[in-house]
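Visitor: Got a structure for you, questions after.
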Amino acid sequence: MATLLAASVAGLWAATPAAAASDLWTTITYGRVSFRVPASWPVIDLATSPNACIRFDRPGVFLGRQEQQPACPAWLVGRTNAVYVQPLDGRSVGRARFSKHSTPINGEPTFRGEGTETGGSLIAAFPRLGVLATVSFGVDRALSERILASFRRAPGAAPLRQTKLPKPARTPRRAAAPSGTGAIYTGEGFDTCAAPSTDSMNAWLASDMRSVGVYIGGINRGCDQPNLTSSWVVAVEGQGWNLVPIYVGLQAPCSGFTNRIITSKATTEGSDAADDAAAQAALIGLTPGDPIYFDMESYDDSNTSCVTGVLNFISAWVGELHVKGYIAGMYGGAASGMRDEAAIYQDPDYNTLDDIWNAHWDGVHGVFGDPYFSDTVWPDHQRLHQYAGGHSEKWGGVTINIDSDYDDGAVACSYVGTGIVPPSPSAANAPGAIGTAGPRFDAYDLKAGGTIEHASWTCPPGWSDTENLGGTLKSGPAAASMVEGTDQEVFAEGTDLSLQENVQSANGT
């Protein structure tokens, strides 16, 4: 519990600037730790406000762990100075890659999150104090450094004995996406600022939506993501959801956001954003072959210099993501980012986006026919369409504020292997299925008549129609089961669960 609590969260949010030189400061105590922040900042204790949205687009302090569905709007872009302090354990330590060596703050062992500054956050773990601190910043990094430097053991608090980081919680391995291809999903979906809980995602299976856009990082990401972990990814993919990873970094030079592209540095900034996006994707178990969509909000595309900055930035984003092995996408307004990218489609001077996500709130449940750019660009299952902005929907008894999407493009989706092959449609007739796990899972079953039946586990999860391959299933190595003098095809289970095939003609070849 905090010693300073907000009496009225809604009322305290009004007019709270990040900090001025003359601002008074106050001390916050949470568990074993105390730290200082500007006195004007509201303080929200998640134990008493469990549905509060942990947001970094305005100043504030959040304390505790979010266990319930956050009441976040669908869209929050922009970042300033704010603080989130939560318990340090195997669950929270997975939020960053940490330095191997402690850099003490006020005598306390401290492990800093590595590479988090590109995403607009200072992250520090304090093992003896039992807390993980995230201090966000927009343009005023110095203020966040000052706040972090104030963290110390609270007066009278007994330190914990641990001086090392806790081990991250064990997570089932997620099968890697096929490099350069990605899974294609066609159908309804939604995106929202903060990833819903796994219980909420399960409840929303009552809808016809099967894709969810999640913000994985970026200096302009407005919401924290307490639910978005590698365990969450495994769980929701196992429920049947396709993920649309979103990275919201620097915005157009002529936009109204604080953190903007500098046109003269756009190429370097775009490449840096891709590096950070790949790192953030890896933290939650996404792999090369999955897509990442850059969120480029609307801007004035009559401003030539501004457009140049955006195009150079996105070209570098695409190029560097390709180096990392990811599919490079972009979300943008139909009348700005989409139109400008379409104008240079397959221009050899730029790296072309693999997929686009068009924001045009026209209510059309489809991906073609937009008046701002041609249907001839990105024609082959390479489009997503956000057709409605922020609104609330309720499914399975759970209400979430969302944007609505129709997808026909690349998503992150994987069958997560557990060492047990899922049964195929003819499993009742089979001694077991064999195959290889991955985004496409091929299984082969022995039918009652001795022939082989084949089916594929596809993404999103589901079995394809089966086909009869013929042949005979043997338990040993395929070659050892061949009989001389006949035309034959023999299948056998390999030690790696693969299906071995051996075809032999009557003459022995």
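The values are calculated or read from the model by the stated rules, or taken from the named source; none is laboratory data. These numbers come from a predicted model, not from an experiment. Cβ placement follows ideal geometry from the backbone for every residue including glycine, while neighbour counts extend to all protein chains displayed.
Visitor: Select from region 319-329 the residues that are surrounded by fewer than 23 Cβ atoms within 10 Å (Cβ to Cβ) and within 17 Å of Ala266 (Cα to Cα) and write down the one among them that is nearest to the chain's Cα centre (by Cα).
Guide: Restricting to residues being surrounded by fewer than 23 Cβ atoms within 10 Å (Cβ to Cβ) and within 17 Å of Ala266 (Cα to Cα), the top hit is Glu320.
Visitor: Next up: Residue by residue through region 191-221, note down the ones that are over 18 Å from the mean Cα position of the chain (by Cα) and closer than 23 Å to Pro50 by Cα.
Guide: Within region 191-221, Ala203, Trp204 meet the criteria.
One line per residue, one yes/no per condition, for (1) farther than 27 Å from Pro73 by Cβ; (2) modelled with pLDDT of 95 or more; (3) out of contact with any strand residue (DSSP E or B) (no Cβ under 6 Å at 6 or more places or on another chain); (4) among the hydrophobic types (A, V, I, L, M, F, W, C):
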position: Val233; (1), (2), (3), (4): no, no, yes, yes
position: Thr263; (1), (2), (3), (4): yes, yes, yes, no
position: Gly289; (1), (2), (3), (4): yes, no, yes, no
position: Asp301; (1), (2), (3), (4): no, no, yes, no
position: Thr304; (1), (2), (3), (4): yes, yes, yes, no
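Visitor: Suppose we keep only residues that are closer than 27 Å to Ile261 by Cα, β-branched (Val, Ile, Thr) and at pLDDT 95 or above within region 176-221. Which one would you say is surrounded by the most Cβ atoms within 10 Å (Cβ to Cβ)?
Guide: My answer is Ile216.
Visitor: Give Ser392, Ser374, Ser424 a once-over and let me know the one that is at pLDDT 95 or above and in a loop (DSSP other than H, G, I, E, B).
Guide: Ser374
Visitor: Being touching a residue at least 60 places away in the same chain (Cβ under 8 Å), closer than 18 Å to Gly217 by Cα and surrounded by 21 or more Cβ atoms within 10 Å (Cβ to Cβ) is the filter here; which residues of region 131-143 pass it? If you could, list the steps in order and put the result at the bottom.
Guide: Initial filter on region 131-143 (touching a residue at least 60 places away in the same chain (Cβ under 8 Å)): 131, 133-134, 136, 138-140, 143.
Those still in the list that are closer than 18 Å to Gly217 by Cα too: 133-134, 136, 138-139.
Residues satisfying the conditions are Ala133, Thr134, Ser136, Gly138.
Visitor: For region 48-68, indicate whether the set of residues that are assigned to a loop (DSSP other than H, G, I, E, B), of a type in the set (Val, Ile, Thr) and in contact with a helix residue (DSSP H, G or I) (Cβ under 9 Å, 6 or more places away or on another chain) is non-empty.
Guide: no
Visitor: For region 90-133, which positions are under 27 Å from Ala277 (Cβ atoms), part of a strand (DSSP E or B) and of a type outside the set (Phe, Trp, Tyr)?
Guide: Arg112, Gly113, Ser121, Leu122, Ile123, Ala124, Ala125, Leu132, Ala133
Visitor: Please verify whether region 309-316 includes one or more residues that are within 16 Å of Ser255 (Cβ to Cβ), at pLDDT 95 or above, touching a helix residue (DSSP H, G or I) at 6+ places or on another chain (Cβ under 8 Å) and hydroxyl-bearing (Ser, Thr, Tyr).
Guide: No, the conditions are met nowhere in region 309-316.
Visitor: Please go through region 4-61 and pick out each residue that is modelled with pLDDT under 95, among the charged types (D, E, K, R) and surrounded by 16 or more Cβ atoms within 10 Å (Cβ to Cβ).
Guide: If the condition is that a residue be modelled with pLDDT under 95, among the charged types (D, E, K, R) and surrounded by 16 or more Cβ atoms within 10 Å (Cβ to Cβ), then Arg55, Asp57, Arg58 are the ones that fit.
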